[in-house]
Each structure stands twice: as C-alpha cells, then as structure tokens.
Amino acid sequence: MNNMNQMMKQVKRMQEQMLKAQEQLADKKTTGTSGGGAVTVEVNGHKKVLSIVIKPEVVDPEDIEMLQDLVITAVNDALTKAEDMANDDMAKFTGGMKIPGLF
C-alpha cells in the first residue's frame, strides 16, 4: 500500500510539473519566415500568432496571391516550430511518448 501512495505522489508531482511547463509555453516564442525573410511570423508555444512583419518590397498590388502564399508559408513554418518546441518540452515528462490530448 505504501508503494501505491508513493507512486500516486510521483504521478501528482509529474502532473504539476507538466502543467507548469505547458503554462510556460505561453512565454516562449519562435519565428517562421518565407521568401528569404520577406515575411516573418512570430508565435508563442501555444501556437498563437503574436506578430506578422512584411517587408514593403514584397507588397505588389499586381500580385496579391504571391504575398498571401508568403504569409501562409511563414505562418505554417512558425506553427511547426512552435509544435516542435512544445513536443520537446513535454518529452522531458513523457519520455518521448505521444500522449493524445496532452498539449
């Protein structure tokens, strides 16, 4: 019975550490770029877009589709990096196991 209590305490401690790590992801930032830095997107570890910077020289009223593609590419790059960052942080607790719904 004592081993079970110890194990439950360890599980609770791990859950608290994981929750704290998830909360800290809001403070971590990463950027994605496209067009050789023409568009830069910054996101946090919760995959929230914080800023989008577009260099004026890529704004061509005659080619809006290119600008849209650059923005989409930069956003997707930033979101992929944010997900990788979150996975790396959580892997410390899960030993690399993918736990659905964890983050």
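The values are calculated or read from the model by the stated rules, or taken from the named source; none is laboratory data. As the structure is a computational prediction, the values presented were derived from the model and not from experiment. Note that we place each Cβ from the backbone using ideal geometry, even for glycine, and neighbour counts take in every protein chain shown. What goes into the accessible areas is simple: the full protein's heavy atoms, side chains included, and nothing from ligands, DNA or RNA. Shrake-Rupley method; radii C 1.70, N 1.55, O 1.52, S 1.80 Å.
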Estimated [θ] at 222 nm from DSSP helical runs (n ≥ 4, -39500 (n - 2.57)) normalised by residues in the chain, nearest 500 = -18500 deg cm²/dmol
task = Evaluate E = 1/(1 + (r/R0)^6) for LYS28 and VAL59, where r is the Cβ-Cβ distance and R0 equals 35 Å; express this FRET efficiency to the nearest 0.05.
result = 0.70
request  = Quick one: angle between helix 64-94 and the longest Cα principal axis of the chain, in degrees between 0 and 90, rounded to 10, please.
outcome  = 10
query = How large is the accessible surface per residue of the chain, computed with a 1.4 Å probe and reported in Å² as a whole number?
reply = 71
message = Can you give me the angle between helix 2-24 and the longest principal axis of the chain, using Cα atoms only, in degrees from 0 to 90, rounded to the nearest 10?
response = 20
note = For the table LYS20/LYS81; LYS28/LYS81; LYS9/LYS92; LYS9/LYS47; LYS9/LYS29, the rows whose alpha-carbon distance is greater than 22 Å are LYS9/LYS47; LYS9/LYS29
ask   = Considering only protein heavy atoms and a 1.4 Å probe, what is the carbon-and-sulfur percentage of the accessible area of the chain?
value = 54
Sites ASN5 and LYS48 - FRET efficiency at Förster radius 30 Å, r taken between beta-carbons, to 0.05 = 0.15
